1. Mind checking which residues of the range 45-60 are in contact (Cβ under 8 Å) with a residue 60 or more places away in the chain and farther than 20 Å from Leu96 by Cβ?
2. Mind listing whichever residues of the range 2-15 are touching a residue at least 60 places away in the same chain (Cβ under 8 Å) and either crowded, with 16+ Cβ neighbours inside 10 Å or assigned to a loop (DSSP other than H, G, I, E, B) (or both)?
3. Please enumerate the residues belonging to the range 87-131 that are among the polar types (S, T, N, Q), farther than 23 Å from Pro50 by Cα and touching a strand residue (DSSP E or B) at 6+ places or on another chain (Cβ under 9 Å).
4. Given the conditions (1) in contact with a helix residue (DSSP H, G or I) (Cβ under 7 Å, 6 or more places away or on another chain); (2) over 18 Å from Thr120 (Cα atoms); (3) not basic (Lys, Arg), and given that Val39 satisfies all but one, which numbered condition is not satisfied?
5. Which of the residues spanning the range 101-123 are surrounded by 16 or more Cβ atoms within 10 Å (Cβ to Cβ) and either without any contact (Cβ under 8 Å) to a residue 60 or more places away in the chain or aromatic (Phe, Trp, Tyr) (or both)?
6. Would you mention how many residues in the range 45-57 are at pLDDT below 90, surrounded by 11 or more Cβ atoms within 10 Å (Cβ to Cβ) and more than 12 Å from Asp80 (Cβ to Cβ)?
7. In the range 124-134, is there at least one residue being over 16 Å from the mean Cα position of the chain (by Cα), part of a strand (DSSP E or B) and within 22 Å of Glu59 (Cβ to Cβ)?
8. Given the residues Ile22, Ile78, which is the only one that is modelled with pLDDT of 95 or more, in a strand (DSSP E or B), under 16 Å from the mean Cα position of the chain (by Cα) and surrounded by 11 or more Cβ atoms within 10 Å (Cβ to Cβ)?
Amino acid sequence: MSNWRLYRNLENSLKDFLESKISEDSLTGDNGNAVEVHVGRENSDTWELPAISIYMDSETLTRFEIGSNLRQNQQLIILDIYANNEGERLDLAKWLVDTINDGWTYYTYSYNVSNPEAPTKVAGGLVNVNFNSNNRVTLIQNVSVLDAHRHRVSITVWIAGT
């Protein structure tokens, strides 16, 4: 498949946006490492902390009215923050919420034959955001270093102007 579909486009549009803002803000963790952004549900013990993971979780397809096939498409996106300590977790959560509050540009991506690592992207509409949750992820004792200071922000998004 040469063109990516909605879900992958949303994840990667947000990834590109966050990486740009991280660079623009010179955002680093308490250890001096730049904040990494990853797409997908998988977390890895090889990640350098701090890190942010993005994945599309589900979609709401509410009908506008009975008998109509027109739907209000909204996607649930989960953003997990993996931090080195509690202070860093709180700081990154606040930065993340403030950064995505106004939305970001939605891009459609397609495979780039000349450079497979850099897909071609075309700007589309604006992704609008509604916050669902913003809280620490509480896990059992004896968790891995990666999960010890995890935070989750869940947002519902929709695209305007496409």
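1. Initial filter on the range 45-60 (in contact (Cβ under 8 Å) with a residue 60 or more places away in the chain): 45, 47, 49, 57, 60.
Asp45, Thr60 - these are the residues of the range 45-60 that are in contact (Cβ under 8 Å) with a residue 60 or more places away in the chain and farther than 20 Å from Leu96 by Cβ.
2. Let us first name the residues in the range 2-15 that are touching a residue at least 60 places away in the same chain (Cβ under 8 Å), namely 2-4, 6-14.
Scanning the range 2-15 gives Ser2, Trp4, Arg8, Asn9, Leu10, Glu11, Asn12, Ser13, Leu14.
3. Taking the range 87-131 and keeping what is among the polar types (S, T, N, Q), we get 99, 101, 105, 108, 110, 112, 114-115, 120, 128, 130.
Keeping just the survivors that are farther than 23 Å from Pro50 by Cα gives 105, 108, 110, 112, 114-115, 120, 128, 130.
Thr105, Thr108, Ser110, Asn112, Thr120, Asn128, Asn130 - these are the residues of the range 87-131 that are among the polar types (S, T, N, Q), farther than 23 Å from Pro50 by Cα and touching a strand residue (DSSP E or B) at 6+ places or on another chain (Cβ under 9 Å).
4. Among (1) in contact with a helix residue (DSSP H, G or I) (Cβ under 7 Å, 6 or more places away or on another chain); (2) over 18 Å from Thr120 (Cα atoms); (3) not basic (Lys, Arg), Val39 violates only (2).
5. Gly103, Trp104, Tyr106, Tyr107, Tyr109
6. 1
7. Keep residues of the range 124-134 that are over 16 Å from the mean Cα position of the chain (by Cα), which gives 124-125.
Still in the running and part of a strand (DSSP E or B): 124-125.
Filter again for within 22 Å of Glu59 (Cβ to Cβ), leaving 124-125.
Within the range 124-134 (the criterion being over 16 Å from the mean Cα position of the chain (by Cα), part of a strand (DSSP E or B) and within 22 Å of Glu59 (Cβ to Cβ)), the answer is yes, since at least one residue qualifies.
8. Numbers: Ile22 fails: in a strand (DSSP E or B).
Sole residue among the options that is modelled with pLDDT of 95 or more, in a strand (DSSP E or B), under 16 Å from the mean Cα position of the chain (by Cα) and surrounded by 11 or more Cβ atoms within 10 Å (Cβ to Cβ): Ile78.
The values are calculated or read from the model by the stated rules, or taken from the named source; none is laboratory data. Nothing here was measured: the structure is a model prediction, and the numbers come from that model. Note: ideal-geometry Cβ built from the backbone for every residue, glycine included; neighbour counts use all protein chains shown.
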